[in-house]
Amino acid sequence: MGAACQELRPHEPEHDCSDMADAFARLNFGTRNDTSTSGQQEVHLPDAAVRSIATYLVQNEPPGHALVHLLAFCGVCRQWRAVAREVNPGVCIGFDVLENTFCSQSSIQRFRRLSMVQKEEVFYAAARLLYGYTEVTFFGEAVSDRLLSAVSLYVGAKLVKVKLTNAKHVTDTALCALVRSAPMLQYFTAEELDRVQGAFLEPLINGCQLLTMAHVANIPSLSWSACKKSCDKWGPKCLTKLVVRTVGLDESFGIIISKLGSLTDLELDGPAVNIKAGALHCPALSRVSYLVGRKFDLDEALPALQHIRELKQLELIVRNFVLTADNLRHIGSLPVADLRLDSYVYKQQPTLSRSSYSHVDNEGVKALVDGICNRWSQQSTGEKLIYMCPMKLSLCGATALTHDAVSALLRLPVLTELDIGGCCKITAMDKMRLVAKVKAGREMLESGRRPQARMVNSRFPGLML
């Protein structure tokens, strides 16, 4: 490869070969004179060497960059194109407009300067050229229906992982064809597809028998009617993770959840009655992430969360209201080891620091700690103590928290991880106290020691290590 990069065309000056695609464009194998014969013999690298170069080229590269590099690689000569067009199964190919990543390579910069129509032409040609890959991503307005149709035709049967984001021109017709052509599909993600109405959902959930993760978000016009009509005829599903947010969920979505008995991870928004369906029909459910926008929904969801026996991780993303002390006391009583109480505003814009945006106040943190400590003191065996106690806690976006909240957090029995991003009123000294608390909790668990509990009074149980 090094020798090939040095053999430049006569009319071109020497360049730095750090940009692999530009180096490939300047390669000139040509012919060599053979003194033992009267003719000339073509110069070729062995196929194994060419394949090794192609594998090295896309190693640790983003999916979109890998596509551009492979196209440049295939343009060197007929032999390289024949070898490199078959991509290794572990490589992810990205039909990506590359707008959100910085790269100094001139080949990537040239690709970015193309118009959307030109990018779509490149993508379509690449879909017809490359085959063998099992993971693919689509991003941006250059993704079209004919691109998805080409991918379905050439590699659909081997696809294991598919991700579509911000593909505003894709319709249900092409997406249904892609899903139906991929019987081996295990991971599927779709976000911000403006022209999709939801016809692909039924063949996705019911037709892809190996599907273990489905992520559908930010498609408000999505309709689940086809799934609700046919779910009575569904067989057992192996789907373990389901993410459905801003996709038009209503109170009848629980009918679909009731058919997904293998779920262990559920992320959703909308009516709390759907969480009740998960608690009733998904016995292995261990993680729930709920985007809640109304206090009424939270009041209805908390009793359902209490009945999820295997619940270990809980994330509540609070939007447009403040958690009350009673809510937080109830949350603290839940038997979880990883508890995240984050603000929706913080998720959208972490730099906002107004106290009015806070979803938790000092009194709420005190109530949360009281709930955790009460649960701690009610456990009967030492094995349950460490297992049941929340060891990871997040309060991101709680901009109103001050010294009083820190003093309450120091009463926690065990704390091994704490995220207070956006809590701008907590002083540097209080942050050092929290760091010491987390360090002590980690050291205690690593040493195998058990915390000792002591009741200070019946109203505010305090626990000392």
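The values are calculated or read from the model by the stated rules, or taken from the named source; none is laboratory data. Just so we're clear, the structure is a prediction, and the values are computed from it rather than from any experiment. Quick reminder, even Gly has a Cβ in these numbers, built from the backbone with ideal geometry, and neighbours come from all protein chains shown. Keep in mind that these areas ignore ligands, DNA and RNA; they rest on the heavy atoms of the full protein, side chains included. Shrake-Rupley method; radii C 1.70, N 1.55, O 1.52, S 1.80 Å.
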Note to self: Rounded to the nearest percent, how much of the accessible area of segment 314-379 (1.4 Å probe, protein heavy atoms only) is carbon and sulfur?
What the structure shows: 43 percent
Next item on the list: Kindly report, to the nearest 10 Å², the accessible surface of residue 361 as traced by a 1.4 Å probe over protein heavy atoms only.
Entry: 60 Å²
Check: For residue 326, what accessible area in Å² do you get when you roll a 1.4 Å probe over the heavy atoms of the protein chains, rounding to the nearest 10?
Finding: 110 Å²
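Please state the charge dipole magnitude for segment 302-446, taken about the Cα centre, from unit charges on C-beta atoms (+1 on K and R, -1 on D and E), reported in debye and rounded to the nearest 20.
Magnitude of the dipole: close to 120 debye.
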Check: Any idea of residue 169's accessible area? Nearest 10 Å², probe 1.4 Å.
Finding: 90 Å²
Check: What Kirkwood hydrodynamic radius, in Å, does segment 77-117 give when the mean of 1/r is taken over all pairs of distinct Cα atoms and then inverted?
Finding: 12.7 Å
Item checked: Charge-dipole axis of segment 173-244 as Lys and Arg at +1 and Asp and Glu at -1 on Cβ define it, positive-most pick from 173, 201, 236 -> 236
Notebook entry, point to check: How would you classify segment 183-271 from its alpha-carbon gyration tensor, with a ≥ b ≥ c the square roots of the eigenvalues: rounded for a/c under 1.5, else prolate if a/b is greater than b/c, otherwise oblate?
Noted result: rounded
Next item on the list: Quick one: order 420, 108 from most to least accessible surface, probe 1.4 Å.
Entry: 420, 108
Note to self: Which of rounded, prolate or oblate describes segment 240-398 when judged by the alpha-carbon gyration tensor and an a/c cut-off of 1.5?
What the structure shows: oblate
Check: With charges only on Cβ, +1 for K and R and -1 for D and E, what is the dipole size of segment 140-267 about its Cα centre, in debye, rounded to 20?
Finding: 420 debye
